[in-house]
Amino acid sequence: MSHNTFGHLFRFTTWGESHGPAIGCVVDGTPPGIALAETDIQPWLDKRKPGQSRFVTQRREDDEVQILSGVFEGKTTGTPISLLIKNEDQRSKDYSKIKDQFRPGHADFTYWAKYHGHRDYRGGGRSSARETAARVAAGAVARKVLAHLVHEPVEIKGALIQVGSISASRARWDWAETERNSFWSPDAEVVPQWEALLDRTRKAGSSVGAVIEVIASGVPIGLGAPLYGKLDADLASAMMGINAVKGVEIGAGFAAAALTGEENADEMRIEDGKLKFLSNMAGGILGGISTGQDVVARFAVKPTSSINQPRKSINTAGEEIDVVTTGRHDPCVGIRAVPVGEAMMAIVLADHLLRHRAQCGLE
């Protein structure tokens, strides 16, 4: 009943708290013989780590990963892979004043109630987004599994497509642009608008939410299973399990409710002897099984709950209080959620690939 593990054949368990000595994960189910080193994992952690712009928390963490087990002479052995990331820049004193207070929007109250008053209040402890670094490390291993088992490369890309009420333009979409700005935005022209919004938001001591889109191309046909092993259901679970996520959609998602049957149906034709879909409203998944099209998922991240504005709450003694959260916090936590979403996409695909191989084999 620990519920700290995700996945079936490819699975990982994360451990650690925001202000503990370290965080990490144990990845199980990786096939043997895959070349793996810290240098395969570190670039993905570097994308997620804090302190890279004025629009994210200024907590300074190198997020250097260490492989403690499961790799020998540069290759996976098939045994559990243990990954360690040390915490280096904790400021636990920032939280001493609110250790007996419940911050609105945070998991303080629910953790306190569920675990009978036992919780690590420093930085949110286990509920902190700091835990997502371990997911990104596990996602890097998943990418290696995908590259090892799939002939055609599976490419996973994420982008920030909305900050607050300001959205990126599909007409100006350029994937290369996501590597040229600190927002992972595919639309260069919207970046100055987001910067101005977040500057105003930070100065006001407030925060805003965001929407992230993750696309996987080159996904083999046949991943997923009806009825209780659907690929889209597991993707929704993976994305919804990311800290601060409050909504997930696949393909057209909620917009499908406004479409007609003609508009929503992904028509098919044969082109050069191969199946071609004329649209992708289904997000690359039909009946819970991948179609070979791009797998498309989006998730909404709520505004960061740690804000420097007084909010009505109570404390552990049941007294009514006003809470003001100080410390270093993201005015929009969604910015650093992009590599986390990519990692969870990779993890789900690797898991389903191994499950598909076990039942049906691979071509």
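The values are calculated or read from the model by the stated rules, or taken from the named source; none is laboratory data. Note that the coordinates shown come from a computational prediction; the quantities given were computed from them, not determined experimentally. FYI the Cβ positions are ideal-geometry reconstructions off the backbone, even for glycines, and counts take in every protein chain you see. Keep in mind that these areas ignore ligands, DNA and RNA; they rest on the heavy atoms of the full protein, side chains included. Shrake-Rupley method; radii C 1.70, N 1.55, O 1.52, S 1.80 Å.
Quick one: in the range 225-238, of everything that is open to solvent by less than 20 Å² (accessible area, probe 1.4 Å) and touching a helix residue (DSSP H, G or I) at 6+ places or on another chain (Cβ under 6 Å), which residue is farthest from Ser290 (Cα to Cα)? For the range 225-238, the residue satisfying everything is Ala238. You will find that of Thr260, Thr325, the residue that is without any contact (Cβ under 8 Å) to a residue 12 or more places away in the chain and either among the hydroxyl-bearing types (Ser, Thr, Tyr) or under 18 Å from Gly158 (Cα atoms) (or both) is Thr260 and no other. Within the range 219-232, residues that are of a type in the set (Lys, Arg) have Cβ atoms under 8 Å from residues that are open to solvent by 20 Å² or more (accessible area, probe 1.4 Å) and assigned to a strand (DSSP E or B) in these pairs: Lys230/Ile289, counting only partners at least 6 apart in sequence or on another chain.
Summed over the range 234-254, residues that are touching a Ser or Thr at 6+ places or on another chain (Cβ under 8 Å) and part of a helix (DSSP H, G or I) total 0. Taken over the range 282-291, the criterion of being farther than 23 Å from Pro339 by Cβ and either modelled with pLDDT under 95 or crowded, with 17+ Cβ neighbours inside 10 Å (or both) is satisfied by Ala282, Gly288, Ile289, Thr291.
Consider the range 321-347 and keep the residues that are in a helix (DSSP H, G or I), modelled with pLDDT under 95 and not small (Gly, Ala, Ser). The one that is nearest to Gly205 (Cα to Cα) is Val333. The set of residues in the range 133-172 that are farther than 22 Å from Val219 by Cα, of a type in the set (A, V, I, L, M, F, W, C) and touching a Pro at 6+ places or on another chain (Cβ under 8 Å) comprises Ile161, Ala168.
Restricting the range 69-78 to residues that are part of a loop (DSSP other than H, G, I, E, B) and touching a residue at least 24 places away in the same chain (Cβ under 8 Å), the residue that is most open to solvent (accessible area, probe 1.4 Å) is Thr77. May I ask you to verify whether Arg119 is part of a loop (DSSP other than H, G, I, E, B), more than 24 Å from Pro32 (Cα to Cα), among the basic types (Lys, Arg) and touching a helix residue (DSSP H, G or I) at 6+ places or on another chain (Cβ under 8 Å)? Judged against the criteria, Arg119 is a match. I want to confirm something. Restricting to the range 292-313 and keeping residues that are among the hydrophobic types (A, V, I, L, M, F, W, C) and either outside any loop (DSSP other than H, G, I, E, B) or modelled with pLDDT of 95 or more (or both), which single residue is farthest from Pro331 (Cα to Cα)? Once the filter is applied, the top-ranked residue is Val295.
For the range 31-44, the set of residues classified as over 30 Å from Ala358 (Cβ atoms) and either among the aromatic types (Phe, Trp, Tyr) or in contact with a helix residue (DSSP H, G or I) (Cβ under 6 Å, 6 or more places away or on another chain) (or both) is empty. The residue list Glu249, Glu195, Glu213, Glu262 contains one member that is surrounded by fewer than 12 Cβ atoms within 10 Å (Cβ to Cβ) and either basic (Lys, Arg) or modelled with pLDDT of 95 or more (or both), which is Glu262.
Taken as a whole, the range 166-185 holds at least one residue that is of a type in the set (Ser, Thr, Tyr) and assigned to a helix (DSSP H, G or I). The residues on offer are Val141, Val136, Val190, and the sole one that is farther than 29 Å from Ile85 by Cβ and either open to solvent by less than 40 Å² (accessible area, probe 1.4 Å) or touching a helix residue (DSSP H, G or I) at 6+ places or on another chain (Cβ under 9 Å) (or both) is Val190. Annotation note: Cβ proximity below 7 Å between a residue of the range 330-348 that is open to solvent by 10 Å² or more (accessible area, probe 1.4 Å) and a residue that is part of a helix (DSSP H, G or I) and at pLDDT below 95 (sequence gap 6+ or interchain) occurs for Asp330/Arg336; Val333/Ala129; Arg336/Arg48.
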